[in-house]
Structures are given as structure tokens and as C-alpha cells.
Amino acid sequence: MKCCIALFVFFAYTAAQSQQLYVTKGKIEYEKVINTYKILEENFTGSDNTVWADAFKKNLSKTASSYYDLYFDNNRSMYKPGREVAVSQRPPDWVNGQANDNIVFNDLARQTTTSQKHVYEDTYLLQDSLRTLNWKISNDTRTIAGFECRKATAVMMDSVFVVAFFTEQILCTSGPEGFNGLPGMILGIAIPRLHTTWYATKMELKELKETEWAAPKKGKPTNNTQLEQKLKVLMKDWGGRNPQRTLWQIMI
């Protein structure tokens, strides 16, 4: 019996890869990659700081990775931290920013989202409507995790350019972090101003039990607008060389 089940999963997945099947539920792993050198160069600008930047680079890899899992079905998705990586591969806190262990639950049928974000010493529980971006879809394509994806672009928070790649083979209209709203699953996100990308590494035909579908519940209740306004007020006291980037990292 186990052999039959394994064969069924293999052939179902192979069919999906060859566009013979639309995927309605499963688990996607995303690798988040941050260019640490680029962030160093931004933080240590000017000739007086070049020595400091070069010294830091000697102790850091050019990029740092972390992993996240997205579970989905037709009407829901849940994004949360995935497998651990070696300490040497993790982004330093000052590079990765805040809210790097987000849990995001999207109810696509109700068009609502609930997310848990740790920001410095506080935990916030954001309950809001799904983010709406004015996506522009192009004819450019690329293959990610075995799925053919189309390219789309948008601007968030007035000035942050976002590049997305989505596949219509996966029917759920969600994606990593708070990104959604394209006609299929978002398997890739690039945000040049954050020097950060999220790309799917694999998709598994894995189904959550109904009892495991639960939105996060911990944190100070708020919504996206209220949190952004609060953080803008507090930014003057944060310290650091690029508080605007920290705000973007939190609010994605």
C-alpha cells in the first residue's frame, strides 16, 4: 500500500510539472537570500567608513540564506519559518532586520490576512485585508522549482519596486510574506532596494490536517496602517544607518 501511495504522489507531481495537472494543495519551501555586502556598502558610506566595511566583509559571506514554508489549499495559505541553517549561514540580525520570523495566514475566500511579527522586543498581531498591489504582468518567463512562471512587477509603500514570478499551475493566489493577488502562486520575489530575494526551492504534495490550519494569535492587536504609522514615529530613536530600510523589512 505504501508503495502505491508513493507512486501516486510521484506521478501526480510529475504531471503537475509537465502542465497536465493544476495543483490545489501542498507545501512550498522558499529560500530567502540577502546580499550582505550590498547592505554593508549602504550602511558604511563615504571614504571614512570604507575600512570598516572591508573589515566586516572579511567575517561575512557575500550572501546569507534562511528558509520558510508555505502551506496552501484553494482558499488558504500559511507562511512560517522553515528548516534551520548553520549559524555561519544565517544573516546577522543587523542585516536581516526585524520581523524575520513572520507567520502569515491568508484567508483568500474572505480576503483577510493575520500575521505575527516580532519587532525588537514587541510582538504584534496584525489583522487586516489582503494587501492590494497594482501588478503589471509581462510576457517574460522563467522556471522556478520546476514550474514555468510569468513575471509581474509592482511598487509598494510608494517607492519600493517588487519583481514577482508566479505560476498558473498552482491555483492558490498567495505567495511568500504578505505578497498575493496574481493569477496563481508566487514562487519568486525580488526586492532590489532590500537586496533580498525569495525563491521556491521545491513543492511537495503535502496536505495539512484541518486542526493545523490556525491563524497566529499572539501579539498586540493592530493593523498594517497603524503599525506603519507607529514605526515611523519611533524610527528617530531606533539608531542604525538606514531606518527606512528597516521599516520596509518589517512591513513586507
### Task
Scan the range 84-97 and give yes if some residue there is at pLDDT 90 or above and either within 16 Å of the chain's Cα centre (by Cα) or among the aromatic types (F, W, Y) (or both), otherwise no.
no
### Summary
Those residues of the range 230-252 which are modelled with pLDDT of 80 or more and either in contact with an Asp or Glu (Cβ under 8 Å, 6 or more places away or on another chain) or over 18 Å from L40 (Cβ atoms) (or both) amount to K230, L231, K232, V233, L234, R245, L247, I250, M251, I252
### Query
What do you reckon, is T153 modelled with pLDDT of 95 or more, open to solvent by 80 Å² or more (accessible area, probe 1.4 Å), touching a strand residue (DSSP E or B) at 6+ places or on another chain (Cβ under 8 Å) and assigned to a strand (DSSP E or B)?
no
### Query
What number of residues in the range 110-138 are closer than 23 Å to L171 by Cα and modelled with pLDDT under 95?
2
### Message
It is to be established whether one or more residues within the range 162-169 are touching a strand residue (DSSP E or B) at 6+ places or on another chain (Cβ under 9 Å), among the aliphatic types (A, V, I, L, M), assigned to a strand (DSSP E or B) and open to solvent by less than 10 Å² (accessible area, probe 1.4 Å).
### Response
yes
### Task
Starting from residues that are over 11 Å from Y37 (Cβ atoms) and aliphatic (A, V, I, L, M), keep the ones in the range 49-66 and report whichever is modelled with the lowest pLDDT.
V51
### Task
Filter the range 13-36 down to the residues that are part of a helix (DSSP H, G or I) and exposed (fewer than 15 other Cβ atoms within 10 Å of the Cβ), then identify the one that is modelled with the lowest pLDDT.
A15
### Query
Does any residue of the range 207-227 turn out to be within 16 Å of the chain's Cα centre (by Cα) and open to solvent by less than 30 Å² (accessible area, probe 1.4 Å)?
no
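The values are calculated or read from the model by the stated rules, or taken from the named source; none is laboratory data. Every value quoted in this text rests on a predicted model; they were computed, and no experiment measured them. For neighbour counting, all protein chains shown are included, and Cβ atoms are generated from backbone atoms with ideal geometry for every residue, glycine included. Heads up: the accessible areas ignore ligands, DNA and RNA and are worked out on the full protein's heavy atoms, side chains in. Shrake-Rupley method; radii C 1.70, N 1.55, O 1.52, S 1.80 Å.
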